[in-house]
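One structure below.
The values are calculated or read from the model by the stated rules, or taken from the named source; none is laboratory data. If you're wondering where the values come from, they're calculated on a predicted model, not measured in any experiment. Neighbour counts run over all protein chains shown; Cβ positions are idealised from the backbone, glycine included. Please note that ligands, DNA and RNA were not included when accessible areas were found on the heavy atoms of the full protein model with its side chains. Shrake-Rupley method; radii C 1.70, N 1.55, O 1.52, S 1.80 Å.
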Amino acid sequence: MSIVHEADRLAFLADGVVALRGVLPIDLVAALDAPVERALANEDTTTDMTALGAALTGDDADGDRGRFRSGVDHWRHDDDLLRFATASPLPELIAALLDTRTLFLYEDSVLAKEPNTLEPTVFHQDHPYFSVDGEAVCTTWIPLDPVTRDTGGMGYVRGSHRDDTRWRPNLFVTRDAIPGAEGEDVPDLHADPGDADIVWLDAEPGDVIVHHARTLHGAGPNHSTSQRRRAISIRYCGEGVTFRSRALTPKPHHETMSDGDPLREPEFPQAWPATVP
Ligand SMILES: O=C(O)CCC(=O)C(=O)O
């Protein structure tokens with residue numbers, strides 16, 4: 001079992017992001033291949049973000065270009081993904097990193113950029129998309145393929161989780177705000193990083209990148225002609241986090257929750273301490 005070092009915890013607190021290198025067994029990551037492909041093939045849970053971006057900008061989504069596909073809440077339909085999120089070595093690592101006695105699964109997401117995918121992932125902050133309040137909220141990003149800045153690697157604005165700015169949620173593939181969303185528009189950091197301290201993190205299968213829910217982050221296009229960029233992103237909440245409905249991203253399985261409720265099963269599966277053998 002890998003240990004989260006104190007230096008990792010301090011880096012996460014200071015920067016709002018940390019890369020935990022080689023902390024997942026390679027065969028465990030390889031075993032995600034089949035469930036991730038199932039998730040990508042499921043049009044009920046997964047969106048063609050390339051088509052969405054083209055519809056929003058009036059571009060042509062056809063032709064010789066790769067697709068960016070992304071979905072959410074696959075754990076609800078796929079026991080392999082639920083087990084990975086709640087009964088693998090991952091939750092213990094994250095509980096240690098957040099220094100929390102309990103950890104609940106908020107959601108999972110598959111995010112694939114096929115070779116020659118033109119869309120970057122626009123910089124955004126996760127917090128406004130999540131129906132929770134509290135400090136101990138994070139996203140883990142787990143690559144199934146080796147990833148570099150050129151193939152869609154992730155970039156994080158170090159220290160942005162300490163900024164009180166409420167950033168307006170966008171649709172990931174354009175900077176246009178989600179209609180009705182409040183907050184300030186995130187600057188176009190892909191075009192002009194200005195004085196933002198962006199760290200671009202290459203990653204390998206076995207690595208886990210963890211960012212705080214307030215950390216601004218984005219990703220590049222996949223310029224490779226042969227290398228896929230598949231990842232699964234799992235979002236967790238620790239002690240002290242409570243439910244707070246946000247109308248932008250309602251989930252049917254949250255209907256039983258009221259504002260201020262502590263997180264609980266079955267709406268938020270308990271990931272740590274483990275309940276599933
Ligand atoms: O994989 C990507 O391109 C974006 C992932 C992301 O923003 C997230 O998981 O919070």
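Within the stretch 167-190, residues that are more than 16 Å from LEU52 (Cβ to Cβ) sit with their Cβ atoms under 8 Å from residues that are in a loop (DSSP other than H, G, I, E, B) and among the polar types (S, T, N, Q), at 6+ positions apart or across chains, in these pairs: TRP167/GLN125; GLY183/THR165; GLU184/THR165; VAL186/GLN125. The numbered conditions (1) in contact with a His (Cβ under 8 Å, 6 or more places away or on another chain); (2) among the polar types (S, T, N, Q); (3) within 14 Å of the ligand (Cβ to nearest atom) are all true for SER245 except (3).
For the stretch 4-28, which residues satisfy the criterion of being touching a Pro at 6+ places or on another chain (Cβ under 9 Å) and over 21 Å from HIS217 (Cβ atoms)? It would help to see each step written out before you state the result.
So in the stretch 4-28, the residues touching a Pro at 6+ places or on another chain (Cβ under 9 Å) come out as 23-26, 28.
If the condition is that a residue be touching a Pro at 6+ places or on another chain (Cβ under 9 Å) and over 21 Å from HIS217 (Cβ atoms), then PRO25, ILE26, LEU28 are the ones that fit.
Filtering the stretch 146-166 to residues that are within 13 Å of the ligand (Cβ to nearest atom), assigned to a loop (DSSP other than H, G, I, E, B) and not charged (D, E, K, R) leaves GLY152, GLY153.
Being modelled with pLDDT under 95, open to solvent by less than 60 Å² (accessible area, probe 1.4 Å) and in a strand (DSSP E or B) is the filter here, so list the residues in the stretch 168-203 that pass it. Once the filter is applied, which keeps residues that are modelled with pLDDT under 95, open to solvent by less than 60 Å² (accessible area, probe 1.4 Å) and in a strand (DSSP E or B), the stretch 168-203 yields ASN170, ALA177.
Only one residue in LEU52, LEU56 is modelled with pLDDT under 95 and more than 16 Å from the ligand (Cβ to nearest atom). Which one? Lay out the reasoning, then the answer.
Values: LEU52 fails: more than 16 Å from the ligand (Cβ to nearest atom).
After applying the criteria, what remains is LEU56.
Look through the stretch 36-67, keep the residues that are touching a Ser or Thr at 6+ places or on another chain (Cβ under 8 Å) and hydroxyl-bearing (Ser, Thr, Tyr), and return whichever of them is least open to solvent (accessible area, probe 1.4 Å). If we take residues in the stretch 36-67 being touching a Ser or Thr at 6+ places or on another chain (Cβ under 8 Å) and hydroxyl-bearing (Ser, Thr, Tyr), then THR50 is least open to solvent (accessible area, probe 1.4 Å).
Name the single residue, out of those in the stretch 209-239 being away from the ligand (no atom under 15 Å from the Cβ) and hydroxyl-bearing (Ser, Thr, Tyr), that is nearest to THR174 (Cα to Cα). Before the answer, list the steps.
Residues of the stretch 209-239 that are away from the ligand (no atom under 15 Å from the Cβ), as a first pass: 225-226, 238-239.
Then keep just the ones that are hydroxyl-bearing (Ser, Thr, Tyr); that gives 225-226.
Working: THR225: 23, SER226: 25 Å.
Once the filter is applied, the top-ranked residue is THR225.
Scanning the stretch 125-145 for residues that are modelled with pLDDT of 95 or more, surrounded by 19 or more Cβ atoms within 10 Å (Cβ to Cβ) and not in a loop (DSSP other than H, G, I, E, B) turns up VAL132, VAL137, CYS138, THR139, THR140, TRP141, ILE142, PRO143.
Can you tell me which residues in the stretch 209-229 are crowded, with 23+ Cβ neighbours inside 10 Å and not aliphatic (A, V, I, L, M)?
As a first pass, look at the stretch 209-229 and keep what is crowded, with 23+ Cβ neighbours inside 10 Å: 209-213, 215-217, 219, 222, 229.
HIS211, HIS212, THR215, HIS217, ASN222, ARG229 - these are the residues of the stretch 209-229 that are crowded, with 23+ Cβ neighbours inside 10 Å and not aliphatic (A, V, I, L, M).
The set of residues from the stretch 131-142 being more than 11 Å from the chain's Cα centre (by Cα) and within 12 Å of the ligand (Cβ to nearest atom) comprises just one member, VAL137.
Scan the stretch 102-118 and tell me whether some residue there is part of a strand (DSSP E or B), closer than 23 Å to ASP163 by Cβ and within 10 Å of the ligand (Cβ to nearest atom). Checking the stretch 102-118: not a single residue is part of a strand (DSSP E or B), closer than 23 Å to ASP163 by Cβ and within 10 Å of the ligand (Cβ to nearest atom). Looking across the stretch 77-101, the residues that are assigned to a loop (DSSP other than H, G, I, E, B) and either closer than 13 Å to LEU32 by Cα or touching a residue at least 40 places away in the same chain (Cβ under 8 Å) (or both) come down to ASP78, SER88, ASP99, THR100, ARG101. Checked against (1) more than 16 Å from the ligand (Cβ to nearest atom); (2) open to solvent by 10 Å² or more (accessible area, probe 1.4 Å); (3) in contact with a Leu (Cβ under 8 Å, 6 or more places away or on another chain), GLY206 passes all but condition (2). Residues of the stretch 146-167 that are open to solvent by 20 Å² or more (accessible area, probe 1.4 Å) and β-branched (Val, Ile, Thr): THR148, THR165.
Counting the residues of the stretch 1-24 that are assigned to a loop (DSSP other than H, G, I, E, B) and open to solvent by 60 Å² or more (accessible area, probe 1.4 Å) gives 4.
Taking the numbered list (1) part of a helix (DSSP H, G or I); (2) on the phi > 0 side of the Ramachandran plot in turn, GLY53 passes all entries but (2).
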